[in-house]
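**Q** The structure follows.
The values are calculated or read from the model by the stated rules, or taken from the named source; none is laboratory data. Given the structure is predicted, the values throughout are model-derived calculations rather than measurements. When we count neighbours, we look across all protein chains shown, and the Cβ atoms used for this are built from the backbone with ideal geometry, even at glycine.
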Amino acid sequence: MGTAPPLRCRLYLITPPRIEDPFRWVKTWEAALDAGDVACVQIRLKGLDDDALAQMVNVLRPPAQRRGVAVILNDNPALAFETGCDGVHIGQDDVPYREARAAVGPDAIVGVTCHNSRHLAMVAGEQGADYVAFGAFYPTATKDIRHRAEPDLLAWWSDLFTVPSVAIGGITVDNARPLVEAGADFIAVSGGVWNHPEGAAAAVRAFDRLLKGE
């Protein structure tokens, strides 16, 4: 069995980049949310205008929030606020942190992509970010990789700072353990759940066992 990973690490579930029919797919969404401990979800859908994205949020947000799962919208602070999300995730090429915070309010979650940069993470933490996201740790088909991060970055952050860290990028049940053991507070997973050969719910169950040290 080996040494159990820290129990504090939890699953941060990200939607697939495209959902053709949200009203049918929501059953898969709910099954994944019911399969294990999911701390939060990020709605990250590409190629949609604000109206179409708002419609997607209005389908996906309520089932998550009913289960006590925080809902984060990617890249769009104003729409996150308007659609009742719990927060927003911003990248380095998106709106600045202060603008995002002003849009969603003082009590909402604002997470910041920091790639593999200690400097960017420290700046985000000083500004008030609720979490910093490091990655990509592994190859991923979900997005183009411009930055590669190593587990020792998570260990360094965990030792020095209290702002939670999120590990992201190509994470699967098979490769997550080193990131958990390095000190990640959350592991962000998209393809590792939705593309799992046994289905999304089975993937979440497997992550749940891993994060509980089973």
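**Q** Could you identify the single residue in GLY199, GLY213 that is modelled with pLDDT under 95, more than 21 Å from CYS114 (Cα to Cα) and either of a type outside the set (Asp, Glu) or under 17 Å from the mean Cα position of the chain (by Cα) (or both)?
**A** Numbers: GLY199 fails: modelled with pLDDT under 95.
One residue alone meets the criteria, GLY213.
**Q** Suppose we keep only residues that are closer than 20 Å to ILE187 by Cβ and at pLDDT below 95 within the stretch 1-31. Which one would you say is surrounded by the most Cβ atoms within 10 Å (Cβ to Cβ)?
**A** Going through the qualifying residues, I end up with PRO5.
**Q** With the checklist (1) buried (at least 20 other Cβ atoms within 10 Å of the Cβ); (2) within 30 Å of GLU214 (Cα to Cα) in hand, flag the one item LEU73 doesn't pass.
**A** For LEU73, the failing item is (2).
**Q** Moving to a separate point now. Taking only pairs six or more apart or across chains, which ones have beta-carbon atoms under 6 Å, a first residue in the stretch 175-187 that is within 14 Å of GLY213 (Cβ to Cβ), and a second residue that is part of a loop (DSSP other than H, G, I, E, B) and not aliphatic (A, V, I, L, M)?
**A** Qualifying pairs under 6 Å: VAL180/PRO5; VAL180/CYS9; GLU181/PRO5.
**Q** Out of GLN65, GLN42, GLN55, report the one residue that is in contact with a strand residue (DSSP E or B) (Cβ under 9 Å, 6 or more places away or on another chain) and over 16 Å from VAL166 (Cα atoms). Before the answer, list the steps.
**A** Working: GLN42 fails: over 16 Å from VAL166 (Cα atoms); GLN55 fails: in contact with a strand residue (DSSP E or B) (Cβ under 9 Å, 6 or more places away or on another chain).
Checking each option against the conditions leaves just GLN65.
**Q** Please pick out the residue among ALA35, ALA39 that is of a type in the set (Gly, Ala, Ser), modelled with pLDDT of 95 or more, under 15 Å from CYS85 (Cα atoms) and surrounded by 15 or more Cβ atoms within 10 Å (Cβ to Cβ).
**A** ALA39
**Q** Would you kindly identify the helices (runs of 4 or more DSSP H) lying entirely within the stretch 98-196 that contain at least 3 residues that are surrounded by fewer than 16 Cβ atoms within 10 Å (Cβ to Cβ)?
**A** Once the helices (runs of 4 or more DSSP H) in the stretch 98-196 are filtered for at least 3 residues that are surrounded by fewer than 16 Cβ atoms within 10 Å (Cβ to Cβ), what remains is 118-127, 151-160.
**Q** Next up: If a residue must be more than 18 Å from the chain's Cα centre (by Cα) and under 27 Å from PRO151 (Cα atoms), how many such residues does the stretch 72-116 contain?
**A** Here the count works out to 1.
**Q** Which one of ARG10, ARG18 is within 23 Å of ALA202 (Cβ to Cβ), in contact (Cβ under 8 Å) with a residue 60 or more places away in the chain and charged (D, E, K, R)?
**A** So the residue among ARG10, ARG18 that is within 23 Å of ALA202 (Cβ to Cβ), in contact (Cβ under 8 Å) with a residue 60 or more places away in the chain and charged (D, E, K, R) is ARG10.
**Q** Out of ASP185, ASP152, ASP174, I need the residue that is among the charged types (D, E, K, R), closer than 23 Å to PHE207 by Cα and touching a Ser or Thr at 6+ places or on another chain (Cβ under 6 Å). Which one?
**A** The match here is ASP185.
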